[in-house]
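Since the structure comes first, as structure tokens, the remarks are kept for the end.
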């Protein structure tokens, strides 16, 4: 039995604390009701032996060579793994890009596309294309600043690149803050013929004059002295089945960009809105100082702020699925981060402010100063927000995954499932951190389980979402065949909470990149899920078992 407040704790405070907390066992909600369709079994792991060095991040698979390409940020390169025997993945070589450090990889039909950031990250980066068998360089083109993710379109005609354009700092007005953009590389005439003329850029400069309208709509435009184009930071890309449209997560901005790939133009910027953590089924555990599992309702708005996104079709409509991680801006001379306990709250709206700001309640929850802001003042060498008393409270990420329609309207959100399921499954390690065991509840004040990676696959006649939880670890699996009626299937965590994280005996820590391998492309004829774990530096192969024919 785990204490779970079904009504708002704030209402209890306003009633003088007399309200009775309801206690019940964590039976899954309707959305979280198990569906015994499939299971994940870890069958093989490659270990780099590098702890907390981001030695295994984004992963991609080539079925022709049965190689898995893993971004190893510790090396600034790509580890090439042979999975001919998936129970014993082995290092087959290392690929060092010619232009700099590698951020992302993608594979299609014998080609490996590599996103490479420049030695000075604010300078234009590049995309290098290699032969997956020989590892020979086939083509290289320049793209925007800090290419963070790239993907081939389903028809193989284009490579689409999210150029994040993160600032170096905010110490000088506009300096060191490149524009975010999306590069579209046309490879339809053969990759060996690709040159700079084949690169088109979908930028955001035409939205610069619409900054106030975007803010009013809910897009977070708030970097000191940044234009809209500088402020928007493309993070991840999903492409529709027809290879015509891309959706790009703008994580820090809590928005999607919608891109016409044929015309290389951003057609819309869609704010994602906010999650009401005071609504039933949408609670959070907000404190790391209460020494308890306490998933409760609070007067807080969760900013979805997705990292990875993916897309699929249902009844001839495209839906975008997001892992709602959350991310704050924290740079030299400017940081938006604060704790609710440090804010000046509007006492007319929050008459119970002392209760809310207690450390065991909301006081420890990380929040932002980017709202209720009327400008910035350069105080010495640091920008500080000029703020009025806070009238609303916000938190980073939504601790969930969501499904959106093609216009960016919310169709489904998993609510507080992730915290409820992990509380029931691994209660002694609830909301643990990813770099140490014996860290119970340590992430409750800061994005909780922190969903980051997502992969969608059609297997065993159903469509599933696989979501990686960056902090506590593990993979959440949902049946999303019908986007309006998803069902929780299974939670699998290949982490040993009795092991030594730094000593390499704690299993998988910090899942980031996920890639699905269909049975026809698999080395053992079974559907597989490959997961790169950035903290443990491990790449693990899961076999997906289920009823009947997996094809």
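The values are calculated or read from the model by the stated rules, or taken from the named source; none is laboratory data. Because the structure is a prediction, the values reported are computed rather than measured. Note that each Cβ is placed from the backbone with ideal geometry, even for glycine, and that neighbours are counted across all protein chains shown.
From the list 408, 415, 363, pick out the single residue that is under 20 Å from residue 270 (Cβ atoms) and touching a residue at least 40 places away in the same chain (Cβ under 8 Å).
On the way: 415 fails: under 20 Å from residue 270 (Cβ atoms); 363 fails: under 20 Å from residue 270 (Cβ atoms).
None of the other options fit; the residue is 408.
May I ask you to list the residues in the range 108-119 that are surrounded by fewer than 14 Cβ atoms within 10 Å (Cβ to Cβ) and touching a residue at least 24 places away in the same chain (Cβ under 8 Å)? First the steps, then the outcome.
Within the range 108-119, the first condition is being surrounded by fewer than 14 Cβ atoms within 10 Å (Cβ to Cβ), and the residues that meet it are 109, 119.
Matches in the range 108-119: 109 only.
May I ask you to verify whether residue 497 is surrounded by fewer than 23 Cβ atoms within 10 Å (Cβ to Cβ) and either free of Cβ contacts under 8 Å to residues at least 40 places away in the same chain or in contact with a strand residue (DSSP E or B) (Cβ under 6 Å, 6 or more places away or on another chain) (or both)?
So residue 497 fails the test.
Can you pull out the strands (runs of 3 or more DSSP E) entirely within the range 358-453 that have at least 1 residues that are out of contact with any strand residue (DSSP E or B) (no Cβ under 8 Å at 6 or more places or on another chain)? Let's see the steps before the verdict.
Numbers: elements: 366-368, 373-379, 382-387, 394-396, 401-405, 410-413.
So the answer is 373-379.
Please find, among 127, 70, 105, the residue that is crowded, with 21+ Cβ neighbours inside 10 Å and under 22 Å from residue 524 (Cα atoms).
Answer to the check: 70.
Within the range 483-500, track down each residue that is assigned to a loop (DSSP other than H, G, I, E, B) and in contact with a helix residue (DSSP H, G or I) (Cβ under 8 Å, 6 or more places away or on another chain). Quick ask: steps written out before the conclusion?
Within the range 483-500, the first condition is being assigned to a loop (DSSP other than H, G, I, E, B), and the residues that meet it are 483-486, 493-494, 496-500.
Correct list: 493, 497.
Being surrounded by 15 or more Cβ atoms within 10 Å (Cβ to Cβ), touching a residue at least 40 places away in the same chain (Cβ under 8 Å) and either closer than 20 Å to residue 273 by Cα or within 26 Å of the chain's Cα centre (by Cα) (or both): is that true of residue 328 here?
Values: surrounded by 15 or more Cβ atoms within 10 Å (Cβ to Cβ): yes; touching a residue at least 40 places away in the same chain (Cβ under 8 Å): yes; either closer than 20 Å to residue 273 by Cα or within 26 Å of the chain's Cα centre (by Cα) (or both): yes.
Considered against the rule, which asks whether it is surrounded by 15 or more Cβ atoms within 10 Å (Cβ to Cβ), touching a residue at least 40 places away in the same chain (Cβ under 8 Å) and either closer than 20 Å to residue 273 by Cα or within 26 Å of the chain's Cα centre (by Cα) (or both), residue 328 comes out as yes.
Just wondering, is there one or more residues in the range 160-183 that are surrounded by fewer than 17 Cβ atoms within 10 Å (Cβ to Cβ), modelled with pLDDT of 95 or more and farther than 30 Å from residue 376 by Cα?
no
Among what's in the range 317-335 and is at pLDDT 95 or above and in a loop (DSSP other than H, G, I, E, B), pick the residue that is farthest from residue 380 (Cα to Cα).
In this case the residue turns out to be 324.
Scan 338, 241 and give me the residue that is outside any loop (DSSP other than H, G, I, E, B), at pLDDT 95 or above and surrounded by fewer than 20 Cβ atoms within 10 Å (Cβ to Cβ). Before the answer, list the steps.
Working: 241 fails: outside any loop (DSSP other than H, G, I, E, B).
That would be 338, the only listed residue that is outside any loop (DSSP other than H, G, I, E, B), at pLDDT 95 or above and surrounded by fewer than 20 Cβ atoms within 10 Å (Cβ to Cβ).
So that you can scan it fast, the table gives a plain yes or no per residue for (1) over 22 Å from the mean Cα position of the chain (by Cα); (2) buried (at least 20 other Cβ atoms within 10 Å of the Cβ):
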| position | (1), (2) |
| --- | --- |
| 342 | yes, no |
| 354 | yes, no |
| 357 | yes, no |
| 362 | yes, yes |
| 365 | no, yes |
| 403 | no, yes |
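Can you tell me which residue in the range 287-316 is surrounded by the most Cβ atoms within 10 Å (Cβ to Cβ), limited to those that are in contact with a helix residue (DSSP H, G or I) (Cβ under 9 Å, 6 or more places away or on another chain) and not in a loop (DSSP other than H, G, I, E, B)?
This residue is 295.
From 124, 147, which residue is over 16 Å from residue 62 (Cα atoms), free of Cβ contacts under 8 Å to residues at least 24 places away in the same chain and under 27 Å from the mean Cα position of the chain (by Cα)?
On the way: 147 fails: free of Cβ contacts under 8 Å to residues at least 24 places away in the same chain.
Exactly one residue qualifies, and that residue is 124.
Given 503, 473, which one is over 25 Å from residue 413 (Cα atoms) and either assigned to a loop (DSSP other than H, G, I, E, B) or in contact with a helix residue (DSSP H, G or I) (Cβ under 9 Å, 6 or more places away or on another chain) (or both)? Before the answer, list the steps.
Values: 473 fails: over 25 Å from residue 413 (Cα atoms).
That would be 503, the only listed residue that is over 25 Å from residue 413 (Cα atoms) and either assigned to a loop (DSSP other than H, G, I, E, B) or in contact with a helix residue (DSSP H, G or I) (Cβ under 9 Å, 6 or more places away or on another chain) (or both).
For the range 140-196, which residues satisfy the criterion of being in a loop (DSSP other than H, G, I, E, B) and touching a helix residue (DSSP H, G or I) at 6+ places or on another chain (Cβ under 6 Å)?
Let us first name the residues in the range 140-196 that are in a loop (DSSP other than H, G, I, E, B), namely 146, 153-157, 164-180, 187-190, 194-195.
Residues satisfying the conditions are 177, 179.
Checking the structure you have, find out if any residue of the range 277-286 is closer than 21 Å to residue 402 by Cα, in a loop (DSSP other than H, G, I, E, B), without any contact (Cβ under 8 Å) to a residue 40 or more places away in the chain and out of contact with any strand residue (DSSP E or B) (no Cβ under 8 Å at 6 or more places or on another chain). Spell out how you get there, then give the answer.
Within the range 277-286, the first condition is being closer than 21 Å to residue 402 by Cα, and the residues that meet it are 277-286.
This time we only want the ones that are in a loop (DSSP other than H, G, I, E, B), so: 277-283, 285-286.
Checking the rest, the ones that are also without any contact (Cβ under 8 Å) to a residue 40 or more places away in the chain come to 279.
Adding the requirement that they be out of contact with any strand residue (DSSP E or B) (no Cβ under 8 Å at 6 or more places or on another chain) leaves 279.
Checked the range 277-286: at least one residue is closer than 21 Å to residue 402 by Cα, in a loop (DSSP other than H, G, I, E, B), without any contact (Cβ under 8 Å) to a residue 40 or more places away in the chain and out of contact with any strand residue (DSSP E or B) (no Cβ under 8 Å at 6 or more places or on another chain).
Taking residue 218 and the conditions (1) under 30 Å from residue 427 (Cβ atoms); (2) touching a residue at least 24 places away in the same chain (Cβ under 8 Å); (3) surrounded by fewer than 18 Cβ atoms within 10 Å (Cβ to Cβ), which numbered condition does it fall short on, given that it satisfies the others?
(1)
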